[in-house]
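Structure first, commentary second.
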Amino acid sequence: MTEATLPGTQPDELLNIFGPRDQNLKMLRRMFDVSITHRDGRIRIQGESEDVKKATRVLEQLRALAQRRGMLSIEEIEAVAQGEALPPVIRALPQGNGNASKRPAGAQGEVDIQHVGRRVKPRTRGQAAYIDAIREHDLTFCIGPAGTGKTFLAVATAVEALKSQRVRKIVLVRPAVEAGESLGFLPGDLRAKLNPYLRPLLDALSEMIDFDQTRSLMEADVIEVIPLAYMRGRTLNNAFIILDEAQNTTVAQMKMFLTRMGEGSRMVVSGDITQLDLPRGVTSGLSDALRRLSSIPSIGVVKLGSSDIVRHQLVQKIVNAYEEHESKA
C-alpha cells in the first residue's frame, strides 16, 4: 500500500475538482482504483504504487486546470485522466463586482451549479428576475410566500459566486425566532438548541454541495451558518451574505445586519411578510427596510407571488386560499 499527499489545496479548489456531491471524486476513485480523501486542505491518495502515481499526476493537472476554469465537468475529468485534449469550453464567470458580474447573454438565468446531474435554473419568470437582481445589485431584497425558492436560489447563486472566486466566503444567517413554540427547554448545548433554526439553510446548502465538502468548507471558515445575533460587531469583506426569514427581524436588528457589508461583498435579504413570528406590536425589520430603502436605485427589490411557487401543487392552492380569506377580512 502506497500513499501520496497533495498539500495546500484551497477549499474552493476542492469544490471545483471534486464536483457537486463529490461526483468527480467518485469517478476518479473508480478509474484508478485508489482511495482519495481530503481533510485540512490536503488530498490523500492511497493504493497500489502505480495507481497512486497515476492518480496523483492527474489530480495535480486537475488542480491547475480548476484554478483557470473553475468547476470541472465529468467530461473534462475523463479527458485529463485519459490524456486527451480538453473540450474548448470555458465555464469561469467574468470577474468583478457590481454590474460587471452579470452572466453573459444567452445564459437564460441559469445558475452555474451542477445539482445531481442537472443545472439549477429558475422555473418561473419571477425566479429569473430574482437571480438577475442578485447578479446586478450588491444588496437585494426578496419577499414572497413559502415555496417560491427564495432561500434555495440565493444559496445556489452564493455557491456559484464562491466557485467562480468572486467571493471568498458564504455567510448564511437566520434570526432565532420561535414559530409559536418554545424551544428554550429542549435538551442540549447552545449548538443543539440553534440547530432547528439554521436547519433550513443547511438543507438548501446540501442540495448543491456534498456533505463532506460542506463540512470541510465550514471547518475552513469558508462557509458560515450562524444566527443573526452573532453578526453584531463584524465587517464582512468579499463575502456573499444571505439573511433568511428576514420578516422576523426587528428594525434595530435589520439595521445592524445591513451595516455588516464590507468591500466586495453581496447581500440577499429574503422573507415572507405574511408569516410573522415577532411579538404583537413589534415592527418587522424587513417591512421597515423596504419602506426606507426600496427607492435607492442600486438596491434590488423582487416580489414573488403564488405563481412562483414550485413546491407541491397543493402549496400554491393553500397560499391562494389564505390570501383570499385575508383580503376578504
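Quick check on my filter: what residues within segment 38-92 are surrounded by 12 or more Cβ atoms within 10 Å (Cβ to Cβ), assigned to a loop (DSSP other than H, G, I, E, B) and modelled with pLDDT under 75?
41, 70, 71, 72, 73, 86, 91, 92 - these are the residues of segment 38-92 that are surrounded by 12 or more Cβ atoms within 10 Å (Cβ to Cβ), assigned to a loop (DSSP other than H, G, I, E, B) and modelled with pLDDT under 75.
Could you give me the residue pairs with C-beta distances under 8 Å whose first residue belongs to segment 128-147 and is assigned by TED's automatic domain parsing to the domain that holds residue 293 and without any contact (Cβ under 8 Å) to a residue 40 or more places away in the chain, whose second residue is in a helix (DSSP H, G or I) and of a type in the set (Val, Ile, Thr) wherever it lies, and which are 6+ apart or on separate chains?
Short answer, once both residue conditions are applied: 131/157; 135/157.
Which residues, counting only those in segment 259-270, are on the phi < 0 side of the Ramachandran plot and surrounded by 15 or more Cβ atoms within 10 Å (Cβ to Cβ)?
Applying the first criterion (on the phi < 0 side of the Ramachandran plot) to segment 259-270 yields 259-263, 265-270.
260, 261, 265, 266, 267, 268, 269, 270, listed by residue number.
Okay, residues lined up against (1) within 14 Å of the chain's Cα centre (by Cα); (2) closer than 23 Å to residue 165 by Cα:
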position: 214; (1), (2): yes, yes
position: 225; (1), (2): yes, yes
position: 229; (1), (2): no, no
position: 237; (1), (2): no, yes
position: 245; (1), (2): no, no
position: 248; (1), (2): no, no
position: 254; (1), (2): no, no
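For segment 288-301, which residues satisfy the criterion of being touching a residue at least 24 places away in the same chain (Cβ under 8 Å) and assigned to a helix (DSSP H, G or I)? Reasoning before the result, please.
Just the residues of segment 288-301 that are touching a residue at least 24 places away in the same chain (Cβ under 8 Å), to begin with: 288-290, 293-294, 298-301.
Listed by number, the residues that qualify are 288, 289, 290, 293.
Restricting to segment 205-258, and then to whatever is part of a helix (DSSP H, G or I) and of a type in the set (Asp, Glu), can you tell me which residue is modelled with the lowest pLDDT?
Taking segment 205-258 and keeping what is part of a helix (DSSP H, G or I), we get 205-206, 211-219, 228-231, 246-248, 251-258.
The next check asks that each one be of a type in the set (Asp, Glu); those that pass are 212, 219.
On the way: 212: 76, 219: 83.
So the residue we want is 212.
Looking only at residues that are touching a helix residue (DSSP H, G or I) at 6+ places or on another chain (Cβ under 9 Å) and surrounded by fewer than 16 Cβ atoms within 10 Å (Cβ to Cβ) in segment 170-186, which one is modelled with the highest pLDDT?
Of the residues in segment 170-186, the ones touching a helix residue (DSSP H, G or I) at 6+ places or on another chain (Cβ under 9 Å) are 170-179, 183-184, 186.
If we keep only those that are surrounded by fewer than 16 Cβ atoms within 10 Å (Cβ to Cβ) too, we end up with 178-179, 183-184, 186.
Working: 178: 54, 179: 45, 183: 46, 184: 51, 186: 51.
Looking at residues that are touching a helix residue (DSSP H, G or I) at 6+ places or on another chain (Cβ under 9 Å) and surrounded by fewer than 16 Cβ atoms within 10 Å (Cβ to Cβ), I get 178.
Residues to consider are 243, 304; find the one that is touching a residue at least 40 places away in the same chain (Cβ under 8 Å), touching a Phe, Trp or Tyr at 6+ places or on another chain (Cβ under 6 Å) and surrounded by 19 or more Cβ atoms within 10 Å (Cβ to Cβ).
When all the criteria are applied, what remains is 243.
The values are calculated or read from the model by the stated rules, or taken from the named source; none is laboratory data. Note that the structure is a prediction, hence the values are computed from the model and not measured. Cβ sites come from the backbone with ideal geometry, for glycine too, and all protein chains shown count toward neighbours.
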